[in-house]
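The values are calculated or read from the model by the stated rules, or taken from the named source; none is laboratory data. A quick note: this is a predicted structure, and the numbers were derived from the prediction, not measured. Reconstructed Cβ throughout: ideal geometry from the backbone, glycine too, with neighbour counts over all protein chains shown.
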Amino acid sequence: MRIKLFLFLLIATSCLAQKKTTIYTIGDSTMANKANPKQNPEHGWAQVLQQFFDNTVVVDNRAQNGRSTRSFINEKRWDSILKTLKKGDYVFIQFGHNDQKENKPSVYTNPRTAYRQNLIKFVTEARVKGATPVLFSSIVRRNFNAEGTLVDTHGLYPLETRLVATDYKVPFIDLQYLTELLEESYGVEGSKKLHLHFNAGESTFFKTEKHDDTHLSLLGATEIAKLVVAELKKTDLDLKKRIK
């Protein structure tokens with residue numbers, strides 16, 4: 001009797017383990033995990049995403065600093081995800097910050113051609129595996145002009161992401177727009193808290209002063225993760241049932 005009970009529990013545990021859904025997050029440094037998270041002020045928004053889901057979901061953050069759609073594919077990072085991607089999983093896709101770097105041929109993509117085709121590749125190949133892709137426009141940089149207006153730095157990349165989402169019927173979360181509102185709500189000075197602004201001696205991690213308007217503090221990463229979760233709740237994706 002004990003053996004039968006043990007086997008039943010073993011099978012039940014195995015079935016529960018198999019039901020776990022993985023969210024693969026692919027993108028650049030604004031999403032990526034950062035080393036020494038307890039000491040390092042910098043965080044990617046996907047780094048803090050796990051806390052918003054129940055234990056049936058695993059966030060596998062594959063975003064990497066400095067990567068574009070081109071380099072993520074050429075470095076076989078996408079291929080490594082395809083090896084384990086399974087039916088019921090999700091792929092969160094946010095690129096653009098590095099795709100726009102015209103002086104770096106290893107990462108640059110024309111938004112209307114290579115960038116578009118790379119997004120389509122991620123979408124179609126994820127679907128072949130039975131996974132659900134979700135497209136995100138890039139988060140904004142904190143780029144206020146002298147008059148206090150937040151000025152866009154991403155050009156056509158957010159629009160092209162939206163067009164791919166529309167053309168291929170992909171769930172789309174417009175982080176460009178949502179983070180514009182977030183930055184503006186904090187104001188010109190207050191929004192520094194969302195990023196990495198330290199004078200010399202203010203941080204034990206950064207030895208010199210730091211004024212970084214692209215990358216995120218823990219507060220900034222968490223605020224953006226909250227925006228993502230709030231938008232997921234508005235979709236018809238099964239994933240929203242797994243949100244705490």
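Residues in the range 172-194 that are exposed (fewer than 15 other Cβ atoms within 10 Å of the Cβ) and not charged (D, E, K, R): Y177, L181, S185, G187, G190.
Restricting the search to the range 35-53, which residues are surrounded by fewer than 18 Cβ atoms within 10 Å (Cβ to Cβ) and farther than 15 Å from A225 by Cα?
Within the range 35-53, the subset surrounded by fewer than 18 Cβ atoms within 10 Å (Cβ to Cβ) is 35-40, 50-51.
If the condition is that a residue be surrounded by fewer than 18 Cβ atoms within 10 Å (Cβ to Cβ) and farther than 15 Å from A225 by Cα, then A35, N36, P37, K38, Q39, N40 are the ones that fit.
Go through the range 155-170 residue by residue and tally those that are part of a loop (DSSP other than H, G, I, E, B) and either without any contact (Cβ under 8 Å) to a residue 24 or more places away in the chain or crowded, with 17+ Cβ neighbours inside 10 Å (or both). So the count comes out to 2. Against the list (1) out of contact with any His (no Cβ under 6 Å at 6 or more places or on another chain); (2) buried (at least 21 other Cβ atoms within 10 Å of the Cβ), the condition G96 fails is (1). The set of residues in the range 199-217 being at pLDDT 85 or above and part of a loop (DSSP other than H, G, I, E, B) consists of D213, T214, H215. Here V57 fulfils each of the conditions (1) surrounded by 14 or more Cβ atoms within 10 Å (Cβ to Cβ); (2) in contact with an Asp or Glu (Cβ under 9 Å, 6 or more places away or on another chain); (3) of a type outside the set (D, E) apart from (2). Regarding the range 66-79, can at least one residue be identified that is buried (at least 20 other Cβ atoms within 10 Å of the Cβ), small (G, A, S) and under 22 Å from V164 (Cβ atoms)? Within the range 66-79, one or more residues are buried (at least 20 other Cβ atoms within 10 Å of the Cβ), small (G, A, S) and under 22 Å from V164 (Cβ atoms). Inspect all residues belonging to the range 139-154 and state whether any of them is small (G, A, S) and either surrounded by 14 or more Cβ atoms within 10 Å (Cβ to Cβ) or in a helix (DSSP H, G or I) (or both). Checked the range 139-154: no residue is small (G, A, S) and either surrounded by 14 or more Cβ atoms within 10 Å (Cβ to Cβ) or in a helix (DSSP H, G or I) (or both). Please go through the range 106-130 and pick out each residue that is out of contact with any strand residue (DSSP E or B) (no Cβ under 6 Å at 6 or more places or on another chain), under 18 Å from D89 (Cβ atoms) and small (G, A, S). Hit for the range 106-130 is G130, nothing else.
Considering only the range 82-131, how many residues are among the basic types (K, R) and not in a loop (DSSP other than H, G, I, E, B)?
Going through the range 82-131, the residues among the basic types (K, R) turn out to be 83, 86-87, 101, 104, 112, 116, 121, 127, 129.
Applying the additional criterion that residues be not in a loop (DSSP other than H, G, I, E, B) yields 112, 116, 121, 127.
The qualifying residues number 4.
Among residues of the range 221-244 being without any contact (Cβ under 8 Å) to a residue 12 or more places away in the chain and in contact with a helix residue (DSSP H, G or I) (Cβ under 9 Å, 6 or more places away or on another chain), the one that is surrounded by the fewest Cβ atoms within 10 Å (Cβ to Cβ) is K234. Across the range 109-138, what is the number of residues that are surrounded by fewer than 23 Cβ atoms within 10 Å (Cβ to Cβ) and either touching a Lys or Arg at 6+ places or on another chain (Cβ under 6 Å) or among the charged types (D, E, K, R) (or both)? Adding up the residues that qualify gives 7.
Would you check if H97 is under 22 Å from D213 (Cβ atoms) and in contact with a strand residue (DSSP E or B) (Cβ under 8 Å, 6 or more places away or on another chain)? It is false that H97 is under 22 Å from D213 (Cβ atoms) and in contact with a strand residue (DSSP E or B) (Cβ under 8 Å, 6 or more places away or on another chain).
In this structure, does S106 turn out to be polar (S, T, N, Q) and surrounded by fewer than 22 Cβ atoms within 10 Å (Cβ to Cβ)? It is true that S106 is polar (S, T, N, Q) and surrounded by fewer than 22 Cβ atoms within 10 Å (Cβ to Cβ).
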